[in-house]
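> I'd like to ask you about the structure that follows.
The values are calculated or read from the model by the stated rules, or taken from the named source; none is laboratory data. Given the structure is predicted, the values throughout are model-derived calculations rather than measurements. In this analysis, Cβ positions are derived from the backbone assuming ideal geometry, glycine residues included, and neighbour counts consider all displayed protein chains. To get the accessible areas, we keep the full protein, side chains included, count just its heavy atoms, and leave off ligands, DNA and RNA. Shrake-Rupley method; radii C 1.70, N 1.55, O 1.52, S 1.80 Å.
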Amino acid sequence: MDRNSEIRHLLKEKQGLVEENQLLGNLIDDLQQLVAEKDEAVLALKRQNESVKRQLDAAQSKAEVERVRDSTRANEEKRSLEQSYVDEKEVLMRELDRQRKEYEQAMESAK
């Protein structure tokens with residue numbers, strides 16, 4: 001191969017390497033863009049995950065408040081029923097005592 005042919009061959013190789021380098025540069029740019037998009041997607045998912053966690057925590061807190069409220073209401077109803085029972089029992093005991101005294105007086109009067 002003469003000197004000119006060798007130079008042309010080297011120039012073609014150089015041009016091929018330049019083109020390959022440009023393609024690799026484009027691939028690198030594309031990969032960097034994909035990485036940036038992936039990073040944005042990951043951040044968006046993290047924000048969404050945090051939002052869902054806050055919503056879940058709020059729902060659990062609300063459910064806990066409702067459970068405590070329901071339990072408190074049930075305890076108040078129970079105490080109210082117990083007090084009603086005690087009050088009714090006292091009324092019945094007084095009535096029974098009154099009737100017993102009347103009976104005793106009637107028995108004394110009958111003697």
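> Can you spot the aspartates and glutamates whose alpha carbon is less than 19 Å from residue 89's alpha carbon? Ignore those fewer than 8 places along the same chain.
77, 97
> Right, next: Between residue 67 and residue 49, what is the label-to-label distance in nm when each label sits 7 Å out along the Cα-to-Cβ direction?
2.6 nm
> Okay, next question. Just the accessible area for residue 14, please: 1.4 Å probe, Å², rounded to the nearest 10?
Taking all protein chains as shown, residue 14 has close to 130 Å².
> Compute, for the chain, the length of the dipole vector about the Cα centre, with Cβ point charges of +1 (Lys, Arg) and -1 (Asp, Glu) only. Units Debye, rounded to 20.
Computed about the Cα centre, the dipole is about 220 debye.
> Under the 0.36 nm per residue contour assumption, what length would be gained going from the current alpha-carbon distance of residue 33 and residue 18 to full extension?
Net length gain for the segment: 3.2 nm.
> On the accessible surface of the chain, probed at 1.4 Å, how many percent belong to carbon and sulfur atoms?
56 percent
> Enumerate the calculated ³J(HN,Hα) couplings along the range 72-88 in order (Karplus 6.51 cos²θ - 1.76 cosθ + 1.60, θ = phi - 60°), each rounded to whole Hz, writing x wherever the residue is Gly or Pro.
For the range 72-88, the Karplus-derived couplings read 4, 4, 5, 5, 5, 5, 4, 4, 5, 5, 4, 5, 4, 4, 4, 4, 5 Hz, x marking Gly and Pro.
> Give a residue-ordered list of calculated ³J(HN,Hα) values for the range 91-107 (Karplus: 6.51 cos²θ - 1.76 cosθ + 1.60, θ = phi - 60°; whole Hz; x for Gly, Pro).
4, 5, 5, 5, 5, 5, 4, 4, 5, 5, 5, 4, 5, 4, 5, 5, 5
> Continuing with the same structure: Per residue, how large is the accessible surface of the range 1-40? Use a 1.4 angstrom probe and give square angstrom.
95 Å²
> For semi-axes √(5λ) of the Cα gyration tensor in Å, the choices are [x] 39, 20, 15; [y] 25, 16, 13; [z] 105, 7, 4; which was calculated from the structure?
Calculated semi-axes √(5λ) of the Cα gyration tensor in Å: the matching label is [z].
> Only helical DSSP H runs with n ≥ 4 go in: add -39500 (n - 2.57) per run for the chain, normalise by residue count and round the 222 nm mean residue ellipticity to 500 deg cm²/dmol.
About -37500 deg cm²/dmol.
> Sticking with this structure for a sec: Which of the lysines could a cross-linker bridge to residue 38, judged by Cα under 28 Å and excluding same-chain residues fewer than eight apart?
Candidates past the 8-residue exclusion: 46, 53.
> While we're here: Please list, in order along the range 3-8, the HN-Hα scalar couplings obtained from phi with the Karplus expression 6.51 cos²θ - 1.76 cosθ + 1.60 (θ = phi - 60°), rounded to whole Hz, x for Gly and Pro.
Karplus values, whole Hz, x for Gly and Pro: 4, 5, 5, 5, 5, 4.
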